[in-house]
Amino acid sequence: MASKREYALVLLAGAVGGGLILVSVRQRWAQAVFTPPKPLSAQTISVTGADLVPLAGALGIAALAGLAAVIATRGVVRRASGVLLAAFGIGAAVAAGVAVSAASVLSVAASHTGAPGAAAVSGAAGSTTSGTVPGGAGSPGVSLIGTAGHAIMSGTPWRAAVFLGALLVVAAGVATAGRGPRWPVMSARFDAPERPGGGGARGAPAAAARDSASMWESLSAGADPTEPSSTDIP
């Protein structure tokens with residue numbers, strides 16, 4: 001019972017961690033505000049964590065797939081799945097920790113509006129940095145050519161959530177690598193129990209062999225084995 005409880009807790013921790021990574025990268029991590037010449041109004045474009053650090057989201061999906069491997073394997077293979085699961089968590093944390101520049105935010109936001117060129121950013125790095133989109137068409141009816149823009153970084157809480165999710169995934173991977181072989185395996189519940197006297201699934205071949213031998217003995221004695229015997233008639 002203790003091993004089953006531990007197994008369930010580890011799977012739950014890994015699932016929560018992978019899910020937290022995926023949810024966090026899909027949130028808004030930054031905003032790009034473009035200010036075109038008057039009388040056009042400013043455009044505010046949201047940029048998600050998946051746009052800025054796509055590797056973190058991909059590793060979150062890989063972590064959930066790694067949990068499926070933990071469930072389906074046993075022994076040394078399960079240990080290897082745990083090591084791989086921990087590697088996915090570490091990779092997600094490293095990917096989320098990469099510094100995101102305002103130039104990247106403006107470039108991604110410009111691409112969302114159809115502008116093929118990257119934003120040229122000037123000024124010091126910070127939570128808000130200004131820049132200019134050098135070229136490309138904007139959203140319908142609005143051009144971003146020469147439009148000044150600035151990036152507002154707001155993804156710090158979601159970065160922290162990614163780190164927390166990655167920590168849970170790493171913990172699940174380490175626990176699996178260390179104690180995974182002691183946990184229940186999926187195939188065990190499908191094994192047919194062996195009954196005393198050769199019953200169950202393993203006793204079926206022996207029973208079939210006895211039936212075949214009885215049929216040949218009846219044929220040798222000149223009897224039809226398909227006809228019911230007197231002992232079978234009520």
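Computed quantities for the displayed model
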{"quantity": "Ranked packing of 45-57, 80-92, 2-14, most packed first, by mean Cβ within 10 Å", "calculated": "80-92, 45-57, 2-14"}
{"quantity": "Fully extended contour minus Cα-Cα distance, from residue 9 to residue 99, at 0.36 nm per residue", "calculated": "29.1 nm"}
{"quantity": "Gain in span if fully extended, residue 42 to residue 71, counting 0.36 nm per residue against the direct Cα distance", "calculated": "5.3 nm"}
{"quantity": "Estimated distance in nm for a label pair at residue 28 and residue 185, the labels positioned 7 Å out from Cα along Cα-to-Cβ", "calculated": "5.1 nm"}
{"quantity": "Summed side-chain charge close to residue 29 - residues other than residue 29 whose Cβ falls under 12 Å, Lys, Arg +1, Asp, Glu -1", "calculated": "+2"}
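Only the coordinates and a few stated rules stand behind these numbers; no lab work does. Computed from a predicted structure; not experimentally measured. With ideal geometry, Cβ positions are generated from the backbone for all residues, glycine too; neighbour counts draw on all protein chains shown.
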